[in-house]
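The values are calculated or read from the model by the stated rules, or taken from the named source; none is laboratory data. Since we're looking at a predicted model, the values are computed, not measured. Cβ: placed from backbone, ideal geometry, glycine included. Neighbour counts: every protein chain shown. Note: areas computed on protein heavy atoms with side chains; ligands, DNA, RNA excluded. Shrake-Rupley method; radii C 1.70, N 1.55, O 1.52, S 1.80 Å.
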Amino acid sequence: MSRINFYHGETIPLELHKVRIVQKLSLVPVERRLEAIAAAGNNTFLLKNNDVFLDMLTDSGVNAMSDRQLAAMMEADDSYAGSATFTKLEAKIHDIFGLQYVLPAHQGRACENIISQAFVRPGTIIPMNYHFTTTKAHVVLNGGAVEELVIDEGTKVTSDHPFKGNMDPAKLTALIDKHGAGKIAFLRIETGTNLIGGQPHSLANLREIRAICDKHGVMIVFDASLLADNLHFIKTREEACRDMSIRDICRAIASLVDIMYFSARKLGCARGGVICTNSEAAYLKMRELVTLYEGFLTYGGMSVREIEAIAVGLEETMDEDMVSQGPQFIAFLVEELKKRGVPVITPPGGLGGHIDARRFLPHVPQQQYTAAALAAAIYLAGGIRGMERGTMSEARDEQGNETFAKMELVRLAVPRRVFTLSQIMYVVDRISWLYDNRALVGGLAFTEEPKLLRFFFGKLAPVSGWQADLAAKFRQDFGDSL
Ligand SMILES: *Cc1c(COP(=O)(O)O)cnc(C)c1O
């Protein structure tokens, strides 16, 4: 967002767009929230949208579209082969990234399936700054092993490092020395590193990693799903990039990688997925897999309307006002929570704000799913749906023992262009109320625990009557307010 100072008082983020289509929200009373969270087995994935006031589960496929995107959707050229709409997307990718070959897929994980099937072989290693859930699953499915090489600062909850998503060049060199470059299928850099709090990498770090990869002949695959946020951080936090435009930074990044892919549910504010490269050999290797798994090369499982919207959404991402909106709202959320003593991940990243559940609820042990308990309590406090990122998202080992997560986090995603600042202030208010009443919050235990993906489908119950007590305290403090 362009910097706009207020004449009176502190500067706050200012929306440089206006709302033209609205969706009514409902905020149900705390008594209903108590019933709803019980019916959902204390799993925020299982809540019904009608019971949710602010949906901060994810930024995937829920970013607001612009008037221009909607207008473009009406122009989409619906044909099985040779769609003019796809040609527009190719031209846009060429223009923005300087990449020539474009392959469509229905979403980000579909790109990961194609790339992994094409390049991962049993016994190979795939170094990454950090893994993402679906990426790791596809690599492992094809017999590869993920090695995480993020800088040590990356997994510290509080830090003032501006680029916690950087890959550690020394760790990479050590890995190559140990195993030999021949064992490496490719190296993957994830921009706006999702699972460690939407933390960015710098352009300088990418250059350094490129130099090491060039020396050893290693291919770089770049996951650009969260590029919009990372562009903002490079522009504002990296001294050497101050005078570069967003477009310049995009070109510079793309020139350093061999294959780029992204979930267009995030980048481009639409739905779909794209793989792009300048390597004809890599393109040919992936092309037939796209036809086999996704669809013909000019739609790849996407609706042509979405393809139109992606092309416009990518162009809109070149606007500094657009890429800074999310990070500025997130910074506001995180700073305001911090001012009220709520333990948060710092510095604020992209994607959303992250609350440190272990410091919020030190009396709730990890065996009782600290972060899941906090996510349920946040829903009770304000009808706010966040996502558990802790032990519940892990799987038990072969003996059935819990694997305790390194961090117990609740993520409050801030989808792009969706919420107003007063809604963010409401979140701050309800969570700070909860923090003052944190002693009332207890743990959870599984009542239904699926073996696979338990965080999606599993159900839990409070270990004591704490949720009814919390709801009663809410009613006492807020009177007849919702
Ligand atoms: C969301 C995401 C993906 C997967 O994309 P989908 O469209 O949800 O399949 C891959 N990588 C990153 C970094 C993501 O955030």
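Could you check segment 214-231 and list, in sequence order, the residues that are within 16 Å of the ligand (Cβ to nearest atom) and either closer than 23 Å to residue 140 by Cβ or of a type outside the set (A, V, I, L, M) (or both)?
Result: 220, 221, 222, 223, 224, 225, 226, 229, 230.
Take the residues of segment 181-213 that are within 16 Å of the ligand (Cβ to nearest atom) and part of a helix (DSSP H, G or I): which is nearest to residue 170 (Cα to Cα)?
206
Within segment 152-165, can you find the residues that are surrounded by fewer than 22 Cβ atoms within 10 Å (Cβ to Cβ) and either without any contact (Cβ under 8 Å) to a residue 60 or more places away in the chain or under 16 Å from residue 234 (Cβ atoms) (or both)?
Filtering segment 152-165 down to residues surrounded by fewer than 22 Cβ atoms within 10 Å (Cβ to Cβ) leaves 152-153, 155-162.
Within segment 152-165, 152, 153, 156, 161, 162 qualify.
Taking only segment 268-298 into account, find how many residues are outside any helix (DSSP H, G or I), away from the ligand (no atom under 16 Å from the Cβ) and open to solvent by 40 Å² or more (accessible area, probe 1.4 Å).
Qualifying residue count for the region: 3.
I'd like the full set of residues that are closer than 20 Å to residue 187 by Cα, over 15 Å from the mean Cα position of the chain (by Cα) and free of Cβ contacts under 8 Å to residues at least 60 places away in the same chain, limited to segment 223-266.
Once the filter is applied, which keeps residues that are closer than 20 Å to residue 187 by Cα, over 15 Å from the mean Cα position of the chain (by Cα) and free of Cβ contacts under 8 Å to residues at least 60 places away in the same chain, segment 223-266 yields 252, 256.
Count, please, the residues in segment 85-107 that happen to be open to solvent by 10 Å² or more (accessible area, probe 1.4 Å) and either within 15 Å of the ligand (Cβ to nearest atom) or more than 26 Å from residue 312 (Cα to Cα) (or both).
Going through segment 85-107 one residue at a time, the tally reaches 2.
What is the number of the single condition among (1) modelled with pLDDT under 95; (2) within 16 Å of the ligand (Cβ to nearest atom); (3) in contact with a Leu (Cβ under 9 Å, 6 or more places away or on another chain) that residue 157 does not meet?
(2)
Which one of 251, 265 is basic (Lys, Arg), closer than 27 Å to residue 73 by Cα and surrounded by fewer than 18 Cβ atoms within 10 Å (Cβ to Cβ)?
Working: 265 fails: surrounded by fewer than 18 Cβ atoms within 10 Å (Cβ to Cβ).
It is 251.
In segment 253-267, what residues are hydrophobic (A, V, I, L, M, F, W, C) and either part of a loop (DSSP other than H, G, I, E, B) or within 11 Å of the ligand (Cβ to nearest atom) (or both)?
256, 257, 262, 264, 267
Filter the strands (runs of 3 or more DSSP E) completely within segment 374-464 down to those with at least 2 residues that are of a type in the set (D, E, K, R), touching a His at 6+ places or on another chain (Cβ under 7 Å) and exposed (fewer than 14 other Cβ atoms within 10 Å of the Cβ).
Correct list: empty, since no element meets the threshold.
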